[in-house]
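Everything below concerns the one structure shown next.
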Amino acid sequence: MDYRPLEIEREIREFWEKNHIQERLMEHREKSNIGVLGWVEGPPTLNGIPHVGHARGRVMKDLWFRWRTMQGYFVPFWAGWDCQGLPVELEVEKLLGVRNKRELLERVGEERFVEECKKTIMRYHKEWVEADRKLGIFIDQKKAYWTYKDEYIEREWQYLKRAWEQGLLEEGYYVVAYCPGCQTSLSSAEVGYEGSYVEVEDPSLYFKFRIADKPDEYFLVWTTMPFTVVTDLMLAVHPEAEYAKVHVGNEKWVMVKQRVEPVMQELGIKDYAVVETFLGKSLEGVKYDYPFKDLIPKQAELDKHPLVHRVVCEDFVDVNTATGVVHLSPGNGEEDFVAAQKRGVPVFAPFDDEVKFTSEAGFFSGVFARDADATVIEELRKRGLLVKADKIRHEYPTCWRSHHKLVWLARREYFLRTDRINDKVVAAAEKVEYFFEAPKNRFLSFLKEGKPWCISRERVWGAPLPIWVCEKCGTKTFIASKKELVEKALEKLPPNFELHKPWIDWIRIKCEKCGGIMHREPFVLDTWHNSGASPYARFTDEEFGKYVPVAFLTEGIDQTRGWANSLLLEHVILTGRAEAPYKAFLFQGLTQDAKGRKMSKSLGNIIEVNKLLEKASADIFRFYMLRKCSPIDFMNFDLNEMNRRPYQVLATLYHLNRFFVQNAEYDNFNPQKHTLRWAKDGGLLKKPDLWLLSKLQKTISDYTARLEKCEFNVALAELEEFVVETVSRLYVPMIRKELWTDDPETLNRRLAIYATLWHVLKMALLLFNPATPFICEAIYQKIYRRLDSTLPESVNFEKWPEPDLSLRDEALEEAFEKMLECVSLVYSARQKAKLKRRWPLRKMLVVASERDLKALQSLNEVLLELANMKEVEYAEKLPEEVKAEVDAGRWIEASEKGITIYLDIHRDETLLGEGLMRDIARRVQSLRKELGYVPTDILETVHVAGLDEESMELLKPYVDEMAGLVRAKKVQLHKGQNEVEARWHEYPLDDKKVYIAIS
């Protein structure tokens, strides 16, 4: 019977569910374990359907859990769901058909919106649970945490309470990245997410500002964001750079000297001259004429400030690009803002939540910032200040969720001042195991930036910021729990009250300082703070002490700026220690389509897990995702590739076990009686068995070591090599002949082979189980537990294999290595001589060193069998008589690594007859399989027809041997098919045809 994975997986899912295997495994390990390994689920966001990229990470998590559980550890492998924040809000907005936050609040309202968000996450939750079920993920869904639940949010607030107590949570007016589409700010970490920077087209604008009281002198400036001219308050130059006055026409332009030639070339100006040079610091305080004072009354007012519209010196000015003169808009740039703050220059940021200019912007009022670019250019042209307007394509950050171009705005927000504890954060991160250098360096490099974390969001569906402000005296109060809130509330809370907008915003409390009324700050928390609180929020205090820091986590490489970062920052704040909440973190590469493109809805190349696994095997998918490449590599998912080699490997595992059980049951093998110890003590194990057992110990050791290093692909390559090459292609051919006999005298030897195969294949099954649990459970139930009812109820309850050093024989492995190299040379020589491997040859001569010959002679019997030779001779030098025959063309040679083999290629009638018999026997075996016979079935008669007279004469002496080889009572040769009534099957035989029938 062929390997049919979908049937197996349906059956095993039913078995697991009916017998509550996952639940009982958790219960068993909680009571009986060698230790505890902490774990907290990186919660998937419930805003979409799981695809193969998500599944890659979940398979790695499940592999780790099953492996560690089999080692005897208890792992709290409990699910968790990220339910709040922008990702969910945007999905619900789309479903409700609203375009922005203002429309949402007007048309839908906060209360209904929150309910719709809850419905949406529950709808997607079903999809994720089903995907986990199909994939065979043994995560405990009943113990899942939900980031929107009150009990979770209350514990999340404890992180903020600690920050509040340490002076690390504060309100600030600062420039932050802002998404016009989502209408909320973003943290600096979010700006750099994978794929956030995209190539966009923007204006490339050269313009000039006139130097005050000098009608023909100007500063030459360049920008890609003309709208920021509206909020311009200063110009910056580098203090130590050399600047020049450049004579152009009737004007003099000021710019950095080293950029004069390239800029003039770009502007197409050939007639120019440098008339004066000076250091940038000499320009400090120079006043320039701001051109739009007539359009923007507020700018005319600001112009009266002694420090506004003047030149400042700053080291951040890049003198290697543009003109070396940078216009500063403190309301739209981080460095601009800092430059203004340290000088006491006011900040001008006339924008509303939709990033439209407010009335303060005068002529530009009501215009969306980026839409004002063209108007600014036109107004500069009218005033004779436009030098050149062009287009430029460059990388620019976009919102990681809505993909809108971001804008930097000065806003009132709340910040966690993680910059003040950055030394602790970096020190904590440096103690973590990352397995691979590249993601480690990427993460540490990002952390060392050490910027404050903007945690406030101007949205609805999120954990609320628990700070109340007095409307009278401005005093702030931090509320740390629902109980405290209920006690302090001025009004009785409604029965449906929960820790969300709009309900929490209805609560007013009394100011303890002045007796005034306090209202909550209207912000919700960054969703990354919400999920980053999970190590404390999902556990009880006792569990937190037991499981955190957790032993291992794995998420996508983009989480260097996401969950891995927020977990770390919050834990350092909570504990006050330079300690990460995880001891090891594996960052996975992302999954792309077969052509290496990012999976996206726009390209239509997203592969949903549930749809895929309706037709594809979960085991094959799991094996492919783990085996194809290193876990840190970006992976190109190719469905055709998945269904080739991974299927072959698992099919080999399946058929090896079938081969074992069919033969073992035929000889009444009893695993409890016919043990490896019984075989060893009885002297029944031969060198191939001992070699295989030794190779198994090495495989167990190497495979486990690779898992420890998270080199999953290399680990599975080791396992694949062992099962496909060592067991299937090498060991089975060594012992197959011994099994195809019913001789009672050799029964114990056959039982010893079964004892070897039982042990080796069962160990291989346990090693495969974390990666491919369905096939392993199926084989375990149908073979191992059926033959030995004392075994644990599920393969998952089995103990992880450990190498048995008493079975390791490195000298024997080296000898076999030499012998197999020799066999490989035989195959090479046969190929040169066009002699099939199935055709026996009379003699082989091996010429090698004394050491190698000793190893080969110790395995003479195995070498003869694999090389299909009648005899082999060994020599340290080539005998003269053989050399003469080699020269005459009767012998053929092959040589490598200090070994040379010589084959006598002359075949007499005896050898020709035996070779023909083996050719036909192979075709009979193929027919047996095709007709559904198992290896132990004894056939009544095999009929062979279609051979010429000469071939029949060659074959006759071997019909009895052939009968034994194909497990038939007799073999009959016929001149024609009409001699016997049978269903004939035609097969090619070299350039002829042969007909075979079984009756």
Inset, instruction - Kindly indicate whether any position in segment 587-609 is under 24 Å from ILE775 (Cα atoms), assigned to a helix (DSSP H, G or I) and modelled with pLDDT of 95 or more. - result: yes
Inset, instruction - Would you mind listing the strands (runs of 3 or more DSSP E) fully within segment 381-494 where at least 1 residues are among the aliphatic types (A, V, I, L, M)? - result: 386-397, 407-416, 467-470
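Residues are listed down the side, and each one gets a yes or a no for (1) of a type in the set (Asp, Glu); (2) crowded, with 16+ Cβ neighbours inside 10 Å:
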residue: GLU570; (1), (2): yes, yes
residue: LEU590; (1), (2): no, yes
residue: GLY604; (1), (2): no, no
residue: ARG627; (1), (2): no, yes
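Residue-by-condition table, conditions (1) in a helix (DSSP H, G or I); (2) under 20 Å from PRO87 (Cα atoms); (3) open to solvent by less than 20 Å² (accessible area, probe 1.4 Å):
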position: ARG112; (1), (2), (3): yes, yes, no
position: THR120; (1), (2), (3): yes, yes, yes
position: GLU130; (1), (2), (3): yes, no, no
position: LYS134; (1), (2), (3): yes, no, no
position: PHE138; (1), (2), (3): no, no, yes
position: LYS142; (1), (2), (3): no, no, no
position: TYR148; (1), (2), (3): no, yes, no
position: ARG155; (1), (2), (3): yes, no, no
position: ALA163; (1), (2), (3): yes, no, yes
Legend entry - Which listed residue, of LEU386, LEU380, is touching a helix residue (DSSP H, G or I) at 6+ places or on another chain (Cβ under 6 Å) and not small (Gly, Ala, Ser): LEU386
Inset, instruction - Being open to solvent by 30 Å² or more (accessible area, probe 1.4 Å), more than 20 Å from TYR731 (Cα to Cα) and assigned to a loop (DSSP other than H, G, I, E, B) is the filter here, so list the residues in segment 629-681 that pass it. - result: ILE632, ASP633, PHE634, ASP638, ASN643, ARG644, ASN668, ASN670, GLN672, LYS673
Legend entry - In segment 266-311, the residues that are open to solvent by less than 60 Å² (accessible area, probe 1.4 Å), in contact (Cβ under 8 Å) with a residue 40 or more places away in the chain and among the hydrophobic types (A, V, I, L, M, F, W, C): LEU267, LEU283, VAL286, PHE292, LEU295, ILE296, LEU302, VAL308, VAL311
Legend entry - Failed item in (1) surrounded by 17 or more Cβ atoms within 10 Å (Cβ to Cβ); (2) assigned to a helix (DSSP H, G or I), with SER185 passing the rest: (2)
Legend entry - Which numbered condition MET734 misses (of (1) over 24 Å from ASP788 (Cα atoms); (2) at pLDDT below 95; (3) open to solvent by 40 Å² or more (accessible area, probe 1.4 Å)): (3)
Legend entry - Residue within segment 888-896 that is more than 49 Å from the chain's Cα centre (by Cα), under 24 Å from GLN831 (Cα atoms), open to solvent by less than 50 Å² (accessible area, probe 1.4 Å) and not small (Gly, Ala, Ser) present: yes
Inset, instruction - Would you mind stating whether PHE623 is within 20 Å of ILE775 (Cβ to Cβ), hydrophobic (A, V, I, L, M, F, W, C), surrounded by 15 or more Cβ atoms within 10 Å (Cβ to Cβ) and touching a residue at least 60 places away in the same chain (Cβ under 8 Å)? - result: yes
Inset, instruction - Considering each residue of segment 937-964, count those that are surrounded by fewer than 16 Cβ atoms within 10 Å (Cβ to Cβ) and part of a loop (DSSP other than H, G, I, E, B), and give that number. - result: 3
Legend entry - Every residue from segment 682-713 that is open to solvent by 10 Å² or more (accessible area, probe 1.4 Å) and either without any contact (Cβ under 8 Å) to a residue 24 or more places away in the chain or not in a helix (DSSP H, G or I) (or both): GLY682, GLY683, LEU684, LEU685, LYS686, ASP702, ALA705, ARG706, GLU708, LYS709, GLU711
Inset, instruction - Considering only residues that are in contact with a helix residue (DSSP H, G or I) (Cβ under 8 Å, 6 or more places away or on another chain) and either not hydrophobic (A, V, I, L, M, F, W, C) or not in a helix (DSSP H, G or I) (or both), look in segment 722-739 and name the one that is nearest to TRP64 (Cα to Cα). - result: THR726
Inset, instruction - Tell me, yes or no, whether segment 902-913 has at least one residue that is out of contact with any helix residue (DSSP H, G or I) (no Cβ under 8 Å at 6 or more places or on another chain), aliphatic (A, V, I, L, M) and within 25 Å of GLU950 (Cβ to Cβ). - result: yes
Inset, instruction - Examine segment 93-115 for a residue that is among the polar types (S, T, N, Q) and farther than 22 Å from ALA533 by Cβ, and state whether such a residue exists. - result: yes
Inset, instruction - For segment 406-435, name all the residues that are buried (at least 19 other Cβ atoms within 10 Å of the Cβ) and touching a Lys or Arg at 6+ places or on another chain (Cβ under 7 Å). - result: VAL432, TYR434, PHE435
Legend entry - Residues that are farther than 26 Å from SER185 by Cα, without any contact (Cβ under 8 Å) to a residue 60 or more places away in the chain and either surrounded by fewer than 20 Cβ atoms within 10 Å (Cβ to Cβ) or touching a helix residue (DSSP H, G or I) at 6+ places or on another chain (Cβ under 7 Å) (or both), drawn from segment 436-489: GLU437, LYS440, ASN441, LYS472, CYS473, LYS483, GLU484, VAL486, GLU487, LYS488, ALA489
Inset, instruction - Would you mind stating whether ASP390 is farther than 30 Å from GLU170 by Cβ and either crowded, with 21+ Cβ neighbours inside 10 Å or not basic (Lys, Arg) (or both)? - result: yes
Inset, instruction - Among the residues of segment 965-974, write down those that are touching a helix residue (DSSP H, G or I) at 6+ places or on another chain (Cβ under 6 Å) and either surrounded by 14 or more Cβ atoms within 10 Å (Cβ to Cβ) or small (Gly, Ala, Ser) (or both). - result: LEU965, VAL966, VAL971, LEU973
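Yes or no, residue by residue, for (1) of a type in the set (Phe, Trp, Tyr); (2) part of a strand (DSSP E or B); (3) under 46 Å from the mean Cα position of the chain (by Cα):
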site	(1), (2), (3)
LYS270	no, no, no
VAL275	no, yes, no
LYS281	no, no, no
TYR290	yes, no, no
LYS293	no, no, no
PRO306	no, no, no
VAL312	no, yes, no
THR321	no, no, yes
GLY324	no, no, yes
Legend entry - Pairs, first under 16 Å from PHE368 (Cβ atoms) and among the polar types (S, T, N, Q) in segment 180-203, second modelled with pLDDT of 80 or more and assigned to a loop (DSSP other than H, G, I, E, B), C-beta under 8 Å, six or more apart: GLN183/ASP353; GLN183/GLU354; GLN183/GLU458; GLN183/ARG459
Inset, instruction - For residues that are surrounded by fewer than 18 Cβ atoms within 10 Å (Cβ to Cβ) and of a type in the set (A, V, I, L, M, F, W, C), tally how many sit in segment 841-868. - result: 2
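Yes/no per residue for (1) closer than 23 Å to LEU911 by Cβ; (2) among the aliphatic types (A, V, I, L, M); (3) assigned to a helix (DSSP H, G or I):
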position	(1), (2), (3)
PHE816	no, no, yes
LEU820	no, yes, yes
SER824	yes, no, yes
ALA829	yes, yes, yes
ARG837	yes, no, no
VAL846	yes, yes, no
GLU861	yes, no, yes
LEU864	yes, yes, yes
LYS870	yes, no, no
Legend entry - Tally of residues being open to solvent by 10 Å² or more (accessible area, probe 1.4 Å), in a helix (DSSP H, G or I) and not charged (D, E, K, R) across segment 65-86: 1
Legend entry - Any chance GLN341 is buried (at least 18 other Cβ atoms within 10 Å of the Cβ) and over 24 Å from LYS391 (Cα atoms): no
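The values are calculated or read from the model by the stated rules, or taken from the named source; none is laboratory data. For clarity, every value in this text was computed on a predicted model and none was experimentally measured. Cβ sites come from the backbone with ideal geometry, for glycine too, and all protein chains shown count toward neighbours. Only protein heavy atoms, including side chains, enter the accessible area calculation; ligands, DNA and RNA are left aside. Shrake-Rupley method; radii C 1.70, N 1.55, O 1.52, S 1.80 Å.
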